[in-house]
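The values are calculated or read from the model by the stated rules, or taken from the named source; none is laboratory data. All figures in this text were calculated on a predicted structure; none of them were measured in a lab. Ideal geometry is used to build each Cβ from the backbone, glycine not excepted, and the neighbour counts take in all protein chains shown. Side chains are part of the model used for accessible areas, which takes the heavy atoms of the whole protein and leaves out ligands, DNA and RNA. Shrake-Rupley method; radii C 1.70, N 1.55, O 1.52, S 1.80 Å.
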Amino acid sequence: MLGAVLLLVCAVGIASAASPVEPLRLEASTTGATLAGHFARLVDPERKLDFADLLKADAAGAMEPRSDFRGAGQTRDIHWYRFDLLRAPGAPADWILEMGEAYIDRLDLFVPKAMGPISTAADGRPQSPDAYRLVRLGDFVPFSQRPMKTRLHALPLTLPEGRPVSLYLRVDSISAIRLSARMWTPAAYVGHQTPDLLFQGLFLGVLGILTLGYVALGLLLRDGALLAYTGYVATVFCYYLFANGIAAALLPDMPGWAINMMVGSSGFLGFAAALIMWVYILDLRSGAPWLRRCYQGLALLSLLMLPTTVSPLYALTNPVVTLSALVVVVIALVLTARMAWLNPGDLSPRFYLASTMVSLAGLLLTQMSLRGVLPADFAVADPYQISSMLAVLVLGVGLALRIGRLQSERLRAREESAFATKRAEEQRTFVAMLSHEFRTPLASIDSAAQMIELSGAVTVPAALTRLERIRNTTRKMVELVELFLSSDALDQGALALKPEPVALGQLMEEALGGLTGTEAEDRLEVAVETPDHPLLVDAPFLGVAIGNLVQNALRYSPPEAPVRVTAGYEAAGDGGEIVIRVADRGLGMAPEEVERIGSIYFRASSSRGTKGTGLGLYMAKKIVAAHGGTLTVESAREEGSVFTIRLPDDGGQASAAGRLAAQ
C-alpha cells in the first residue's frame, strides 16, 4: 500500500516538476511577507505517510507547487506543506513564522537542525529525517507549552545568509483546514499584534456588552425573541473566544479536545438559538406553523449532534449544520423582505433584512474561503467575524424597535382594557341598580292586577284574558330582573346556593311549570326516567337553568317543531350522574359557534331575527357549574342542537350540601 502511494505521488510529482517553487526572498527592507506562492503541498488521504516517506516523495517531485493558500474544508486528510525561504545578504537573521487559523488541531513543523548544506539532493535539502527537529504547534498543544505565547501559532527562526532553507509542516485537524503563513521581523510582528488584539478585544467587548444588556432586558420584558437573540449573541461570543485563540491565552493549560468542544458546541448552539430567534421574529407560530416545526426540529437535531464535536464525526456533522444554516438564512432573507414589503410603516423588518443580507454575505465568503474557492488570506480578518458583528448590531437595532412597538401596543391595549373594564363596571352597576328599582313598580302592578281579579269587578272574558296577560307579562319582567341581578352576582362570585332535598321528577315539574297552560306545552315531549331519584340541589336556581334551555329550544325551533326533554340517572365511572337533555330541531350552529356558547351576550348567527339577550345560556352554564356539573352542546347546521346538563349524583347525601355550599 505504501509503495503504491509513493508511486502515485511520484507520478504526480513528475507532472508538476515543471513548476518549481521559488523561495521567499527576505530582503533587508522586508518586514513582513506571506508565504503564498513560495510553498508546495501534498495531500495524504490515507493518512499513511510519515516524515521519512514525505522526504522521499518530495525528492521525487511529488509535492505540488501552489500559488496561494486555499482552504480544504472539513477533511480527515493529512496535508503536508513545504515552505522555502531565502535570507538575502544584509537581511536580519532573526525572523518569526506565524501560522493560522488558531483552531487547527495539530501543526507539526519540521525545521532543519543545522541551517547548512547537509544534503545529498541537488536542491540542498536534507534527506534524512534525523537532520530535522520537530516543533509541535496547534491548539492541541497547551498554550503554556508553546514556543511563543501568541494568539496564532508562531515560531522564532534564525536563518542562514544566502542559503535556501526548507521547512516541512504536517497539518491534521477535525476542524476545517484553512492554513495561511507569514514571515515577520520581530519588531514588525509586535507592531502587527497590537491592532490585531485591539480588533479582537473590540469585537468580543461589543458582543459581551450586548449579551449582558439584552439578557437583562429580555428577562425584564419576558420577550422570547429578545432572549433567543441574546443566546445567539452569547454563542457567537463563545465561538470566537475559543476559535480565535483568546481563550487559550486566558486558560493556558486547557486541553485541545476541550477547545474543540467549545468551538463546535458554540457553533451548534448558536444555530439552534438563531432558529428559535427567527421563529419569534418571523412569527412562524401563527404565520407558518409547518416552518416553525421544521425550525424546532433542526434546533433539536443540532443539540443532539453536540457530542460529535470532540470526535471525527464532526467532519460530517459540521457541514450538515453549515448547509442548514445557509438554507435558513436564505429563507429568512425572503421572509424579512416580504415583511418589509407588507409593512412599509414598520422599520424593524428593514433592519432584519439588512442583518440577514450581511450574515448571508459573510457566510458565503467564509465558506468559499474554507472550501478553497477563494484564497484563505484574501481578507485581513475572517469575513464572517466582521459580518457577524455588523449583523448582530443591525439586528439589535431592529429588535429594539420591535420592543418599542410592542411596548406601545401593550400600553395602548392596557389603556383600552382599563377603559372597557371601567365602562363595563359602570354599566353593570347601573343595570343592577335599575333592575333593583324595577322590583317595586312591578310588584305594585302585579298586586293591583291580582286585587282586580279577586274583587270580581271584572267579569267580561276578554277583560279577564287581558288581566291575566298583564300578570304574565309582569312575572316575565320580574324574571328578567332576577336574571340581571343573578348574572351580576355570578360575575362578582356572590351566588349563594341553598341546596335542599328534591326528587328529580319534582325538579323537572317546577322547572317546566311556567309553560303549563300555554301553547308551548303542546310542543314539549318530556320523559323523566327516574322521577323519584333524590337530589340535593338549589331547585329554584337549577330550575332557571333548565327553563332557560327549554325556552331557548322553543324560541329557536320552527313553530310546529317538538322539543324533547329527558332526565334520568346514568352510570359513569365509579359512580353515576344525573343527565338532563334538551333537544330541538332548530337551525343549529357552526362548530366555531358551539365553542362560544355560554359566553356572556353571545348569540349564534341562527338567532338573527329572534329576540334575546344572550344571558340565558350564560346563566345556565354558571348555575350548572356552581352545582359541580357541566353544560355541553352538540349542534350541526340544519340539524338542531342538544344541550346536556350533567350533575354529579351522590344520592342526595349530606356531603353534597358541603360541596354546594363551597361553590
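Based on the Kirkwood radius over alpha-carbon pairs, what is the Stokes-Einstein translational diffusion coefficient of segment 518-585 at 25 °C with 0.890 mPa s viscosity, in µm²/s?
Estimated via Stokes-Einstein, D reaches 186 µm²/s.
If each Cα of segment 111-265 is one equal point scatterer, what is log10 of I(q)/I(0) from the Debye formula at q = 0.11, 0.17, 0.21 Å⁻¹?
Values returned for q = 0.11, 0.17, 0.21 Å⁻¹ are -0.61, -1.11, -1.35.
Put Ser348, Ser408 in order of accessible area, largest first, 1.4 Å probe: what do you get?
Heavy-atom accessible area, descending, gives Ser408, Ser348.
For segment 176-252, report the % of Cα-Cα distances exceeding 17 Å.
59 percent
Local charge sum around Arg87 (other residues, Cβ-Cβ under 13 Å, Lys/Arg +1, Asp/Glu -1)?
That works out to -2.
Quick one: length gained pulling Asp532 to Gln193 fully straight, 0.36 nm per residue minus the C-alpha distance?
The Asp532-Gln193 span can extend by a further 112.3 nm.
Taking the Cα centre of each part, how many Å lie between segment 287-319 and segment 164-182?
31 Å
Between Leu406 and Val327, what FRET efficiency follows from the Cβ-Cβ distance if R0 is 35 Å, with the result rounded to 0.05?
0.75
Quick one: the Cα spread of segment 343-392 along its three principal axes, in angstroms, biggest first?
43, 17, 11
Near Met261, within a Cβ-to-Cβ distance under 13 Å, what is the net charge of the other residues, with Lys and Arg +1 and Asp and Glu -1?
Around Met261, the charge tally is -2.
For segment 307-404, what is the Kirkwood estimate of the hydrodynamic radius, computed as the reciprocal of the mean inverse distance between distinct Cα atoms, to one decimal in Å?
Here the Kirkwood hydrodynamic radius works out to 14.9 Å.
Once the convex hull of the C-alpha atoms of segment 31-114 is built, how many Å³ does it hold per residue, rounded to a whole number?
So the per-residue Cα hull volume is 135 Å³.
Could you tally the net charge around Gly398, taking each other residue with its Cβ under 11 Å from the Cβ of Gly398, Lys/Arg +1 and Asp/Glu -1?
+2
As a test question: what accessible area, to the nearest 10 Å², does Thr34 have when a 1.4 Å probe is rolled over all protein chains in place?
Accessible area of Thr34: about 40 Å².
Would you mind getting the accessible area per residue of segment 265-319, heavy atoms of the protein chains only, 1.4 Å probe, in Å²?
It amounts to 47 Å² per residue over segment 265-319.
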